[in-house]
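S.K.: One structure follows; several queries about it will come next.
The values are calculated or read from the model by the stated rules, or taken from the named source; none is laboratory data. Since the structure is predicted, the reported quantities are computational estimates derived from the model, not experimental observations. Please note: Cβ atoms are built from the backbone with ideal geometry, for glycine as well, and neighbour counts cover all protein chains shown. The protein model used for the area step is the full one, side chains on, heavy atoms only, and it has no ligands, DNA or RNA in it. Shrake-Rupley method; radii C 1.70, N 1.55, O 1.52, S 1.80 Å.
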Amino acid sequence: MEGKVRNLYPGGNTPHGFYSYYNYILPQRKAEKIFCIKGGPGTGKSTLMKRIGRYFVDRGEDVDFLWCSSDPDSLDGILIRGRRAAVLDGTAPHIVDPVTPGAVDEIINLGQFWDEEKLKGSRWEIMRLGEEISDIFGYAYGYLKSAGQQYEFLGELLERNVTDEKIWEYRSQLKMKLDAISILRRAESKMRRDYVMGGDVRFGERRKFFAGAITPGGIKSNVTSVIEGVGRVVVLDVPVGSRTEVLLGPVSRRLTEAGFDVEEYYCPMSPERKLEHVVCEGADLAVICSNEYHVVDSANIDGKVVRIKADEVFTGDGDRRAGEVFEDVKESSRGLILKAVALLEKAKGRHDMLEKCYVDAVDFDALRQVEDHITRSIMK
C-alpha cells in the first residue's frame with residue numbers, strides 16, 4: 001500500500017517578492033536528517049528528490065512533496081514525515097545552509113558531477129540568461145505589488161460592509177464546531193488541570209506554508225491535498241480579499257493552546273498576515289477557506305464536511321455602489337496577477353534555456369550514487 005502524498009509550497013511569488021517559509025519545513029530540534037542540495041540549474045536536483053520521495057511512498061511511507069512556485073513541475077524539497085528527514089534544494093532564492101552540520105545537516109554538492117570546461121564555454125550565455133531572468137522576475141513582482149495594493153483595498157471594502165454582528169456570528173459558528181470535538185475538549189481540560197496543579201504546560205507549535213502559488217502555469221491550489229486524510233473539515237465560503245485571519249487566527253490559537261501542533265497556510269497575496277487554512281492532524285480537523293482563486297468542492301474531500309457561508313456581503317440596495325467598486329477592483333487585481341503570471345512564464349522559458357547549458361555538462365549516471373547514499377542514510 002502506498003503512503004500518503006501531500007503537495008504544498010514552502011515558498012511563493014508574492015507582492016513582497018519571493019517569500020520563504022523554508023525554516024518551517026523541519027525544525028532542527030525535531031529533525032533526524034536534513035540534506036541540503038547545492039548545484040546549478042538543470043543538474044538534476046528536482047529529479048533526484050522526486051525519485052527519493054517516490055521510493056518512500058512506494059514503501060508505504062507518507063511524504064510531503066514541496067513544489068517550486070517558479071516552476072510548478074519541479075520540486076524544492078521533500079519531507080519524509082515518519083522518519084523526520086528532509087531533502088531540500090539549497091540554492092537561490094531559497095538558500096538553505098546547514099545549521100547543525102554533520103549532526104543533522106549534510107551538504108550534497110552536485111557541482112562535483114559537472115564538467116567545468118564545458119560550462120566555461122557557455123559562461124557568457126549563462127550570465128546573460130541569469131541577468132534576463134532576474135530582470136523579468138523584478139517586473140513580475142512589480143505587477144504583484146500593484147495587485148497587492150488593490151487586494152488590500154478589497155479587504156478594506158469588505159471590512160466596511162461586514163458588520164461586527166456578522167463577524168461575531170461567523171466566529172460563534174466556528175466555536176460551536178470546535179466545541180463539538182471531544183478530543184479538543186479533553187485536551188483543554190487537561191491543560192487547565194495541569195496549569196492549576198503546577199504541571200508542565202506545553203503549547204502546540206505552528207508551521208507555516210502556502211497551499212497555493214502564483215506560478216508560470218497560472219494560479220495553483222493544492223488545498224485539498226494538504227487536508228487529505230483529515231476526518232473533519234470546516235469550509236468557509238468567503239469573497240476574494242476577505243481578511244480571513246480574523247476568523248482563523250482564533251482557531252489556530254485555541255488548538256495550539258490546547259497543546260496541538262498546527263499547520264497554517266497563508267495567502268500568496270498577503271503572506272505575512274492573511275491566514276487562509278488551518279490543519280491540525282492531532283485534532284483530526286481542518287478549517288479552510290474557499291473563494292474564486294481556490295474553489296473547494298465538498299465532493300473532493302474525504303472527511304466529514306461542514307460549510308459556513310460567509311460570502312454574502314453586498315446584498316442591500318445601499319451596498320450596490322460598494323459592490324460595483326469591489327467587482328471592478330477585483331477584476332483589475334486579477335488582471336495584474338495574470339500579467340505577472342505571463343512574465344513568470346517568460347522567466348521560466350529563459351530558465352529552461354539556462355538548464356540546457358548545464359544538462360550537457362553533467363554526469364547524470366553518477367547522480368545515482370548520490371540517490372543511493374541519501375536513501376540509505378534516511379533508512380538507517
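S.K.: Does region 359-367 include one or more residues that are at pLDDT 95 or above, part of a helix (DSSP H, G or I), closer than 30 Å to I108 by Cβ and open to solvent by 80 Å² or more (accessible area, probe 1.4 Å)? Steps first, answer last, please.
M.R.: So in region 359-367, the residues at pLDDT 95 or above come out as none.
No, the conditions are met nowhere in region 359-367.
S.K.: Next up: Provide a single number: the residues in region 13-23 that are of a type outside the set (F, W, Y) and open to solvent by less than 30 Å² (accessible area, probe 1.4 Å). Break it down stepwise before answering.
M.R.: Start the filter on region 13-23 by keeping residues that are of a type outside the set (F, W, Y), which leaves 13-17, 20, 23.
Among the residues that remain, those that are also open to solvent by less than 30 Å² (accessible area, probe 1.4 Å) are: 13-15, 17.
Residues meeting the conditions: 4.
S.K.: Of these, L144, L157, L129, which one is of a type in the set (A, V, I, L, M, F, W, C), open to solvent by less than 30 Å² (accessible area, probe 1.4 Å) and modelled with pLDDT under 95? Walk me through how you get there before you give the answer.
M.R.: Values: L144 fails: modelled with pLDDT under 95; L129 fails: modelled with pLDDT under 95.
Exactly one residue qualifies, and that residue is L157.
S.K.: So if I check each of L26, L66, which one is crowded, with 23+ Cβ neighbours inside 10 Å, assigned to a strand (DSSP E or B), in contact with a strand residue (DSSP E or B) (Cβ under 7 Å, 6 or more places away or on another chain) and at negative phi? If you could, list the steps in order and put the result at the bottom.
M.R.: Values: L26 fails: assigned to a strand (DSSP E or B).
Criteria check complete, one pass: L66.
Matching residues to (1) touching a Lys or Arg at 6+ places or on another chain (Cβ under 9 Å); (2) modelled with pLDDT of 95 or more; (3) over 25 Å from E156 (Cβ atoms); (4) of a type in the set (A, V, I, L, M, F, W, C):
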position	(1), (2), (3), (4)
L236	yes, yes, no, yes
G259	yes, yes, yes, no
P271	yes, yes, no, no
A283	yes, yes, yes, yes
A286	yes, yes, yes, yes
A310	yes, no, no, yes
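S.K.: Within the group R376, R350, which residue is assigned to a helix (DSSP H, G or I), at pLDDT 95 or above, buried (at least 16 other Cβ atoms within 10 Å of the Cβ) and basic (K, R)? Explain how you work it out, then say what you get.
M.R.: On the way: R376 fails: buried (at least 16 other Cβ atoms within 10 Å of the Cβ).
Exactly one of R376, R350 is assigned to a helix (DSSP H, G or I), at pLDDT 95 or above, buried (at least 16 other Cβ atoms within 10 Å of the Cβ) and basic (K, R), namely R350.
S.K.: Could you grab me the full set of residues in region 29-47 that are outside any loop (DSSP other than H, G, I, E, B), farther than 27 Å from G204 by Cβ and open to solvent by 10 Å² or more (accessible area, probe 1.4 Å)?
M.R.: K38, K45, S46, T47
S.K.: Take region 227-247 and flag every residue that is of a type in the set (A, V, I, L, M) and out of contact with any Asp or Glu (no Cβ under 7 Å at 6 or more places or on another chain). Working first, answer last.
M.R.: Within region 227-247, the subset of a type in the set (A, V, I, L, M) is 227, 230, 233-236, 238, 240, 246-247.
Hits for region 227-247 are I227, V233, V234, V235, L236, V246, L247.
S.K.: Let me ask something else about it. Being surrounded by 13 or more Cβ atoms within 10 Å (Cβ to Cβ), among the basic types (K, R) and under 24 Å from the mean Cα position of the chain (by Cα): is that true of R54 here? Before the answer, list the steps.
M.R.: Values: surrounded by 13 or more Cβ atoms within 10 Å (Cβ to Cβ): yes; among the basic types (K, R): yes; under 24 Å from the mean Cα position of the chain (by Cα): yes.
Yes; evaluated as a whole, the condition is true for this residue.
S.K.: Restricting to region 260-313, count the residues that are within 24 Å of D62 (Cα to Cα), open to solvent by less than 50 Å² (accessible area, probe 1.4 Å) and in a loop (DSSP other than H, G, I, E, B).
M.R.: Looking only at that region, the number is 6.
S.K.: Would region 216-236 turn up any residue that is within 30 Å of V325 (Cβ to Cβ), open to solvent by 10 Å² or more (accessible area, probe 1.4 Å) and assigned to a loop (DSSP other than H, G, I, E, B)? Don't jump to the end; show me each part of the working.
M.R.: Restricting attention to region 216-236, the residues satisfying the condition of being within 30 Å of V325 (Cβ to Cβ) are 218-221, 223, 235-236.
Keeping just the survivors that are open to solvent by 10 Å² or more (accessible area, probe 1.4 Å) gives 218-221.
When the remaining residues are screened for being assigned to a loop (DSSP other than H, G, I, E, B), the result is none.
No, there is no match, as no residue in region 216-236 is within 30 Å of V325 (Cβ to Cβ), open to solvent by 10 Å² or more (accessible area, probe 1.4 Å) and assigned to a loop (DSSP other than H, G, I, E, B).
S.K.: Name the single residue, out of those in region 150-176 being hydrophobic (A, V, I, L, M, F, W, C) and in a helix (DSSP H, G or I), that is farthest from L338 (Cα to Cα). I'd like the intermediate steps shown before the answer.
M.R.: Residues of region 150-176 hydrophobic (A, V, I, L, M, F, W, C): 153-154, 157-158, 162, 167-168, 174, 176.
Then drop every residue that is not in a helix (DSSP H, G or I), which leaves 153-154, 157-158, 167-168, 174, 176.
Working: F153: 18, L154: 17, L157: 22, L158: 23, I167: 31, W168: 35, L174: 34, M176: 39 Å.
Within region 150-176, the match that is farthest from L338 (Cα to Cα) is M176.
S.K.: Being free of Cβ contacts under 8 Å to residues at least 12 places away in the same chain, open to solvent by 60 Å² or more (accessible area, probe 1.4 Å) and not in a loop (DSSP other than H, G, I, E, B) is the filter here; which residues of region 177-197 pass it? Spell out the reasoning first.
M.R.: Initially, region 177-197 is screened for residues free of Cβ contacts under 8 Å to residues at least 12 places away in the same chain, giving 179-180, 182, 185-186, 189, 192-197.
With open to solvent by 60 Å² or more (accessible area, probe 1.4 Å) added as a condition, the list becomes 180, 185-186, 192-193, 195-197.
Those that are free of Cβ contacts under 8 Å to residues at least 12 places away in the same chain, open to solvent by 60 Å² or more (accessible area, probe 1.4 Å) and not in a loop (DSSP other than H, G, I, E, B): R185, R186, R192, R193, Y195, V196.
S.K.: Here's a follow-up. Do you know which of the residues in region 198-215 that are in a loop (DSSP other than H, G, I, E, B) and open to solvent by less than 50 Å² (accessible area, probe 1.4 Å) is farthest from G282 (Cα to Cα)?
M.R.: Taking region 198-215 as the starting set, the residues that turn out to be in a loop (DSSP other than H, G, I, E, B) are 198-205, 211.
Remaining after also requiring open to solvent by less than 50 Å² (accessible area, probe 1.4 Å): 199, 204, 211.
Numbers: G199: 21, G204: 10, A211: 19 Å.
If we take residues in region 198-215 being in a loop (DSSP other than H, G, I, E, B) and open to solvent by less than 50 Å² (accessible area, probe 1.4 Å), then G199 is farthest from G282 (Cα to Cα).
S.K.: Mind checking which pairs have a first residue in region 118-130 that is closer than 18 Å to G349 by Cα and a second that is modelled with pLDDT under 95 and surrounded by fewer than 13 Cβ atoms within 10 Å (Cβ to Cβ), Cβ under 8 Å, 6 or more apart or different chains?
M.R.: none
Let's see how each residue does on (1) free of Cβ contacts under 8 Å to residues at least 24 places away in the same chain; (2) open to solvent by less than 10 Å² (accessible area, probe 1.4 Å); (3) under 20 Å from N7 (Cβ atoms); (4) not in a strand (DSSP E or B):
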residue	(1), (2), (3), (4)
P72	no, no, yes, no
G77	no, yes, yes, no
V87	no, yes, yes, no
T91	no, no, no, yes
I95	yes, no, no, yes
V99	no, no, no, yes
A103	yes, no, no, yes
I107	no, no, no, no
G111	no, no, no, yes
